[in-house]
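Here is the structure we will look at, set down as structure tokens.
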Amino acid sequence: MAKEKSCHKFIYKIPSKRLSQSDWKLSLPLQTAIKNKNDVVALGDSQLLRWICELNGIKDLDQEVRNTQSQIKHQKKLPKSEESKSKIKELYKKLYSLQYQKDYFCMIMNTKKDYLRANKGFTINQYSYRRLVGTNGGIKKSTITYIGSPIYEEIKKRMDNGRDLSKPLIPAKLEAYQALICSSSTPVSMPRIAIVKDCNVTFKEDVILIQDGNNDEPEMSRQKDYKINYCDSDGYGLMSPEYSRIVNKELSGDSSNENTISGINTRFAWTKGMLFTFDFKEFAKKVNHGDFTFQDAWGALRDVRDYDVLLTTSMVKLWDSYDSLEHFLECSYENHYEFSVSKTTPDRLEHARNANYQFLQTFELTDDELYQLCEPTIREIKDVLFDDWRKTIVFLKGMNLNELQSEQWEHDFVKALMIDKRMAEDPFVVGKIHSMIRKRIQMAAKGSIKLPGNFAMVCGDPYSLAQSIFGLPVTGLLKQGEVYHSYWKQRDVHEIACFRAPMTCHNNIRRRKVVHSNEMDYWYQYIQTGMILNSWDSTCDALNGADKDSDAFFTTNHPIIVKNTKNAPTIECVQKRADKVIPEESHLVQANLLAFGDEIGSTTNKITAMIELQAGFPKDSLEYQTLEYRIMCGQHYQQNSIDKAKGILSKPMPKHWYDKSACRALPENSEEEKAYKKICLEICASKKPYFMRYIYPELMADHKKYINDSNKKCIRMFQMPLEELKQNPAKTKEALEFLKYHQEGLPVGNEPCTVNRICWLFEQEFQDVLQKQRTSSAFDYSILKSGAPYSKRDYKKIEKIKGEYDLDVKHYQQQAKTQRLDKDEVSMNRTLLIQKFKAACEAICPNEKELCDILLDMCYTTNKSKQFVWDICGETMINNLLKKNDYVVNYPVLTEGHGEFEYAGESFIMNQRKQREDEES
């Protein structure tokens, strides 16, 4: 059983205009904020939240939350009474007061003026706040973190952690380093820490150099034997196998677990980066001839046997603001920093993952290659359309189910189907499955097709780092162009293609040889689910400036992908550097203002539009070549967007590259200028590609409306539909003119680029599924019921709550799409939303069996959404099904050879697990 996760906490997150309208003295009671749609958001645990609890005298908040949740669970099993209603209301009130973190507040800035005013101070419920920090994720959404004034000074002191305050720094970087205390993390045992210098190497490669030019457009040059100074350990260090086992035991919650973990992403004072498991003590014994001494970052001699982890200077961001290792650790302990883990490498890697449009968009594929690439995804979707409940489970839960996972399976409609196959007739389940199939088709239509392979976190060559630590010549075990990847080694794969988003052009993809030897297998034995890169090529630079602080590469051995991957020269973007100052609060505020907003996504979209447009021109044309230059320069503008957040002022992408109005405004005083203006108008990337309709709902709506309007107009003018007119061989001059203007007016680009072709293929294959809704036959929902009588009065009251729920869920879904929230944020906030409605329902009917039957009768006797009953009473319904099915759960297991059924080219058998009655939710 895994270590219990920290319980969800929540905070207020409010737009600045609300504060401004209240004269910066907002009154917002907790119960009102919870009822409102957007006022509270959930947070994962972090160093900052742990400090807040400590300073407020709360010793074990998570345990208190769990105890309260257990008491609520107990109350729900008791007969309904006025006393139980009162008690459950009281318990939910206590739960919310425990989860709400008053001292942590986020403000979304509507204007820069609001931001400057907010920093002068404001109150919420008469409690005052001060600006603390802008996190990387928050800044992109113009959101700043504030802290309660009573604890501000102590938190600020701990954040500074005794650093040398007179040391000049780049303000934006200091802000990013300070924001590490806000990262979600889980504390683990404090290791014995040493800090070592990074492993730096030098090599030469042919590259494409891009930098800001004297005019609006960048300068691009091809450099032969370009000297690259490379930090091979950028963002990672080493941990001993012994410490790796300790961490794995703690995170897994299994004290008998003797396995090591490949790597952990760490947090400590000023610290961010990966620790990969490598036996550096054995290295000292065998390779360094028994000499265990090494120099730390400050030059002090130390014995490696005294340490569990070796952090590198690229991991400990302000290591040089301290006099020594002892000084750094003394300050860190004094300020109550915990050594914690933000994420880990997985126990095992997947066999297949979905690609994305960025990975595929620069490939030049024949029609046959394109179909071969998409065929496994097409087959997978078609397999699940034939209503075999067993295949449906594989589609919904994945191919690698096993009994060990069964305790963690959610109490949702999929588990219900695994208990009782009659659930396949449930209209809710039918609708959910059809919705997920439609979503899968739509994902595939935007390039999310299944490929053999997986994502793995990358590290440099730990052998090279160990050589560097002990002062040996750095050679590493891997040569240029090679990688060590245990997953592919075990499958006897010798060549793979590597990808990492965001991408701009084919230069961002690398084909690499998978190698191994007895020596590599020995020294890399603990890194089973990581990917080890060599120290002698620019793979990380090529993959858009990756580093090793938990960046992951997608790798595949798909023959079509590997064959068509060209190792084009790496693009090296010449970076500017921001000025260092002795940072004051005003510098940090100014750095936030410069970094508000996220231009990386929009820059990437413009590049994708250029790639789509390029597909409409011959390769030897000036238009094609000019677009090729602009596409490659896209990486430079992505880097400029990142630099902006660091306080570096860089030139933006020329507007006439993507805006027709800017093209028309270009000068035409000479023949050369006229020719340039003409070509700019022809290659202006002003439209998103056709496939992006499946990414942006508003684009889909615009396109559908345009097509419908054009079709009506076409019927009026030519007495035939638009598609028929396109196919008509005897087009009149008027018809040709109409089609020309129709094409020019399309709100999306329609050129045959690779991902548009993938999109058209899936639309053609699944046109009926995309256009039609599936319905189910009659379903006897009594198999889900508890059989408990209930009050009609309770029914009426809860019916009103369901109306509020429907509105809130719809609003949140729209908000999540608009703000493009990541799945973890969506999941946490949805959990909080459900808790709110559970509390409201259980305050009316605290008995879980009665409540379950009320909601089943409410939701299953109409055609309206049944999600409400599954959100509020899912566990109760699962328990009811278990009782009626002898507590047996059925699940498909992948098997070699002939199985009971096949899905997506694999064979499966059905297994059963008998769930003990005391395992009931």
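The values are calculated or read from the model by the stated rules, or taken from the named source; none is laboratory data. What you see is a predicted model, and the numbers here were worked out from it, not measured in a lab. Cβ: placed from backbone, ideal geometry, glycine included. Neighbour counts: every protein chain shown.
If you take the residues of region 20-45 that are among the hydrophobic types (A, V, I, L, M, F, W, C) and under 31 Å from the mean Cα position of the chain (by Cα), which of them is farthest from ALA816 (Cα to Cα)?
Looking at residues that are among the hydrophobic types (A, V, I, L, M, F, W, C) and under 31 Å from the mean Cα position of the chain (by Cα), I get LEU30.
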Apart from one, (1) under 30 Å from THR345 (Cβ atoms); (2) at pLDDT below 95 all hold for ALA416; the odd one out is (1)
Among the residues of region 441-484, the number that are part of a loop (DSSP other than H, G, I, E, B) and under 20 Å from the mean Cα position of the chain (by Cα) is 5
Within region 73-97, restricting to residues that are under 22 Å from VAL41 (Cα atoms) and surrounded by 18 or more Cβ atoms within 10 Å (Cβ to Cβ), the one that is farthest from the chain's Cα centre (by Cα) is LEU91
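Kindly indicate whether VAL65 is of a type in the set (Val, Ile, Thr), touching a strand residue (DSSP E or B) at 6+ places or on another chain (Cβ under 8 Å) and either within 15 Å of LEU98 (Cα to Cα) or modelled with pLDDT of 90 or more (or both). Show your work before the answer.
Values: of a type in the set (Val, Ile, Thr): yes; touching a strand residue (DSSP E or B) at 6+ places or on another chain (Cβ under 8 Å): no; either within 15 Å of LEU98 (Cα to Cα) or modelled with pLDDT of 90 or more (or both): yes.
When the stated conditions are applied, VAL65 does not pass them.
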The residue that is surrounded by the most Cβ atoms within 10 Å (Cβ to Cβ), considering only those in region 446-488 that are within 30 Å of THR377 (Cβ to Cβ) and charged (D, E, K, R), is LYS450
Cβ pairs under 7 Å, 6+ apart or interchain, first in region 519-530 and closer than 22 Å to ASN454 by Cα and modelled with pLDDT of 95 or more, second in a loop (DSSP other than H, G, I, E, B) and among the β-branched types (Val, Ile, Thr), ordered by first then second residue, are TYR526/THR260; THR529/THR345; GLY530/THR345
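Could you tell me which residue of region 318-332 is surrounded by the fewest Cβ atoms within 10 Å (Cβ to Cβ), considering only residues that are over 33 Å from the mean Cα position of the chain (by Cα) and either outside the structural domain of LEU238 (by TED's automatic domain parsing) or part of a loop (DSSP other than H, G, I, E, B) (or both)?
Here is the first cut: in region 318-332, the ones over 33 Å from the mean Cα position of the chain (by Cα) are 322-327, 330-331.
So of that shortlist, the ones also either outside the structural domain of LEU238 (by TED's automatic domain parsing) or part of a loop (DSSP other than H, G, I, E, B) (or both) come out as 322-324.
Values: TYR322: 24, ASP323: 11, SER324: 14.
Selected residue: ASP323.
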Matching residues in region 387-399 (more than 24 Å from GLY447 (Cα to Cα) and either assigned to a loop (DSSP other than H, G, I, E, B) or in contact with a Ser or Thr (Cβ under 6 Å, 6 or more places away or on another chain) (or both)) number 2
Does ILE496 meet the test of being buried (at least 24 other Cβ atoms within 10 Å of the Cβ), outside the structural domain of GLN625 (by TED's automatic domain parsing) and either touching a Leu at 6+ places or on another chain (Cβ under 8 Å) or within 30 Å of THR565 (Cβ to Cβ) (or both)? yes
Within region 81-128, the residues that are in contact with a Phe, Trp or Tyr (Cβ under 6 Å, 6 or more places away or on another chain) and outside any strand (DSSP E or B) are GLN99, MET109
Flagged pairs (Cβ under 8 angstrom, 6 or more apart or on separate chains; first in region 414-438, under 21 Å from ASN863 (Cα atoms) and free of Cβ contacts under 8 Å to residues at least 24 places away in the same chain; second assigned to a helix (DSSP H, G or I) and of a type outside the set (A, V, I, L, M, F, W, C)) are VAL414/LYS397
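Given the condition buried (at least 19 other Cβ atoms within 10 Å of the Cβ) and in a strand (DSSP E or B), answer yes or no: does some residue in region 64-71 qualify? Even if it seems obvious, please write down each step before you answer.
Taking region 64-71 as the starting set, the residues that turn out to be buried (at least 19 other Cβ atoms within 10 Å of the Cβ) are 68.
Add one more test, that the residue is in a strand (DSSP E or B), and what stays is none.
Within region 64-71, none of the residues are buried (at least 19 other Cβ atoms within 10 Å of the Cβ) and in a strand (DSSP E or B).
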Picked from region 120-135 (must be in contact with a helix residue (DSSP H, G or I) (Cβ under 6 Å, 6 or more places away or on another chain) and not hydroxyl-bearing (Ser, Thr, Tyr)), the residue nearest to LEU49 (Cα to Cα) is VAL133
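Criterion first (under 30 Å from GLN635 (Cβ atoms), buried (at least 19 other Cβ atoms within 10 Å of the Cβ) and either of a type outside the set (Ser, Thr, Tyr) or in the same structural domain as THR293 (by TED's automatic domain parsing) (or both)) does ILE170 satisfy it?
So ILE170 fits the description; yes.
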Quick count over region 584-607, residues being part of a helix (DSSP H, G or I), out of contact with any Pro (no Cβ under 6 Å at 6 or more places or on another chain) and not small (Gly, Ala, Ser), is 11
Pairing a residue in region 213-226 that is part of a strand (DSSP E or B) with any residue that is of a type in the set (S, T, N, Q), where Cβ atoms lie under 7 Å and the two sit 6 or more apart in sequence or on different chains, gives GLU219/GLN211
- Task: Check region 754-775 and report whether any residue there is modelled with pLDDT under 95, more than 28 Å from GLY431 (Cα to Cα) and part of a loop (DSSP other than H, G, I, E, B).
- Result: no
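Scan region 297-316 residue by residue and report those that are under 35 Å from the mean Cα position of the chain (by Cα) and farther than 18 Å from GLY460 by Cβ.
TYR307, ASP308
Quick check on my filter: what residues within region 12-34 are hydrophobic (A, V, I, L, M, F, W, C), outside any strand (DSSP E or B) and modelled with pLDDT of 95 or more? Talk me through it step by step, then tell me what you get.
So the first thing to find is which residues in region 12-34 are hydrophobic (A, V, I, L, M, F, W, C), and the list is 14, 19, 24, 26, 28, 30, 33-34.
Keeping just the survivors that are outside any strand (DSSP E or B) gives 19, 24, 28, 30, 33-34.
If the condition is that a residue be hydrophobic (A, V, I, L, M, F, W, C), outside any strand (DSSP E or B) and modelled with pLDDT of 95 or more, then LEU19, TRP24, LEU28 are the ones that fit.
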Those residues of region 667-693 that are surrounded by 15 or more Cβ atoms within 10 Å (Cβ to Cβ) and part of a loop (DSSP other than H, G, I, E, B) come to a total of 5
When ALA416 is run through (1) within 30 Å of VAL769 (Cβ to Cβ); (2) among the small types (Gly, Ala, Ser); (3) outside the structural domain of PHE868 (by TED's automatic domain parsing); (4) in contact with a helix residue (DSSP H, G or I) (Cβ under 6 Å, 6 or more places away or on another chain), the failure sits at (3)
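Table: residues versus (1) in contact with an Asp or Glu (Cβ under 9 Å, 6 or more places away or on another chain); (2) outside the structural domain of SER252 (by TED's automatic domain parsing); (3) of a type outside the set (Phe, Trp, Tyr).
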site: VAL316; (1), (2), (3): no, no, yes
site: ASN335; (1), (2), (3): yes, no, yes
site: GLU350; (1), (2), (3): no, yes, yes
site: PHE363; (1), (2), (3): yes, yes, no
Condition set of a type in the set (Val, Ile, Thr) and surrounded by fewer than 20 Cβ atoms within 10 Å (Cβ to Cβ), scope region 554-588, selection modelled with the lowest pLDDT: answer is VAL574
